[in-house]
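Structure first, commentary second.
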Amino acid sequence: MQRFKNILMVLNPEVDRKAALDKAVVLCRQNQARLTLFSVVPEPSELSSYADLVLDIPMPNLLSDRQQWVQNILPDLKKQGVDAEIIVVEGIQFLEIIRQVLRAQHDLVITTAEDSRGIRARVFGTTSMHLMRKCPCPVWVVKHVQRRPYARILAAVDPSAYDPDRDALNPLILELASALARQEKAELHILHVWEMFGEQYVRNGGMNEQEIKEAKEYEKKQHRQRFETLLSRLDVSDLKPYVHLVEGHPDVRIPELTVEQDIDLLVMGTVCRTGIAGFFIGNVAEEVLNQVDCSILTLKPEGFVTPVHLE
């Protein structure tokens with residue numbers, strides 16, 4: 001796969017980096033890509049009380065300690081034929097990551113899925129979710145325990161006759177998923193989830209079951225035609241992909257299929273609309289990301305503008 005040439009690898013000593021770093025190394029070696037190891041230390045104001053009372057760590061040493069920790073990773077990378085630049089900064093993690101992407105024009109961010117806790121467990125922690133919503137380049141969030149190489153990759157597409165941004169993402173999703181499937185020698189699964197628009201309103205409006213059945217068959221036919229047209233644009237015949245046209249809600253059916261097919265990597269788009277002051281409003285992708293238990297590669301449409309700015 002030749003797309004990614006300038007990779008940003010996010011490192012955090014609190015999470016296991018091995019699976020994510022392995023992916024970064026493979027991509028760098030195959031693409032002759034640049035690799036930057038990037039780590040963010042919380043600002044002293046955020047850590048001073050905790051460090052003084054619990055860890056008894058002198059605050060001035062945090063930045064240099066983190067730099068040394070990242071530096072210790074370099075010899076192993078060198079043995080694998082990969083040279084890397086190191087950048088360690090202070091700040092809020094997701095903001096500094098996105099600012100680094102903007103400064104250096106990285107074309108991929110790789111990070112590790114954070115542990116989740118709380119009543120509503122989230123597979124991906126706050127930083128990963130922020131990145132997948134706001135980072136202008138693709139974000140690859142790698143599961144801690146991951147088969148190497150991947151055995152099954154799922155591309156979730158949504159061909160639409162009404163949403164140009166969403167429809168424009170589909171060829172890119174298929175291109176990346178198929179390239180990764182070839183690289184990993186993995187099964188390729190392609191999924192489109194559809195539902196009849198306004199079905200509940202139609203039922204409440206007095207249509208009988210036969211009329212509803214006919215309407216749904218017509219709707220399914222339209223979705224199948226758009227799905228087949230999309231698939232015809234990219235030659236993946238060598239992969240013999242498993243194609244899934246599934247009725248239901250995407251935020252339910254996509255996670256279900258990742259479990260049913262034992263998917264290792266989900267490739268999908270995140271198309272967010274913005275509200276007051278550029279804050280992102282939740283969409284289907286966000287709901288899916290909260291539920292799946294596999295690695296995820298998320299893509300933005302062309303022309304996406306992040307609300308994060310360089311200072």
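A short reminder: the numbers here are calculations on the coordinates, not readings from a lab. Source: prediction; values computed, not measured. Backbone-built Cβ (ideal geometry, glycine too); neighbour counts: all protein chains shown.
Can you list residues whose amide H is under 5 Å from Leu108's amide H, if they're 5+ apart or on another chain and H is modeled 1.01 Å from N?
Those lying under 5 Å, H to H, from Leu108 are Asn6, Leu8.
Mind listing the long-range amide H neighbours of Ala113? Cut-off is under 5 Å, sequence gap 5 or more, other chains count too, H placed in the peptide plane at 1.01 Å from N.
So Ala113 has HN proximity to Val142, Lys143, His144.
Checking the cross-link filter: which lysines have an alpha carbon closer than 25 Å to that of Lys300, excluding same-chain neighbours under 8 positions apart?
Lys5, Lys23, Lys134, Lys143
Mind listing the phi-derived Karplus ³J(HN,Hα) values for the range 106-114, rounded to whole Hz, using 6.51, -1.76 and 1.60 with θ = phi - 60°, and x for any glycine or proline?
So the J values, rounded to whole Hz, are 5, 10, 7, 10, 10, 9, 9, 4, 7.
When a footprinting reagent is the concern and you count Cβ atoms within 10 Å, what order do Lys78, Lys220 take, fewest first?
Ranking Lys78, Lys220 by Cβ neighbours within 10 Å, fewest first, gives Lys78, Lys220.
Highest mean first, how do 30-36, 153-159 rank when packing is the count of other Cβ atoms within 10 Å averaged over residues?
My ranking of the peptides, most packed first, is 153-159, 30-36.
In terms of modelled amide H atoms, which long-range or inter-chain residues lie less than 5 Å from the amide H of Tyr242?
Amide H neighbours of Tyr242: Leu188, His189, Ile190.
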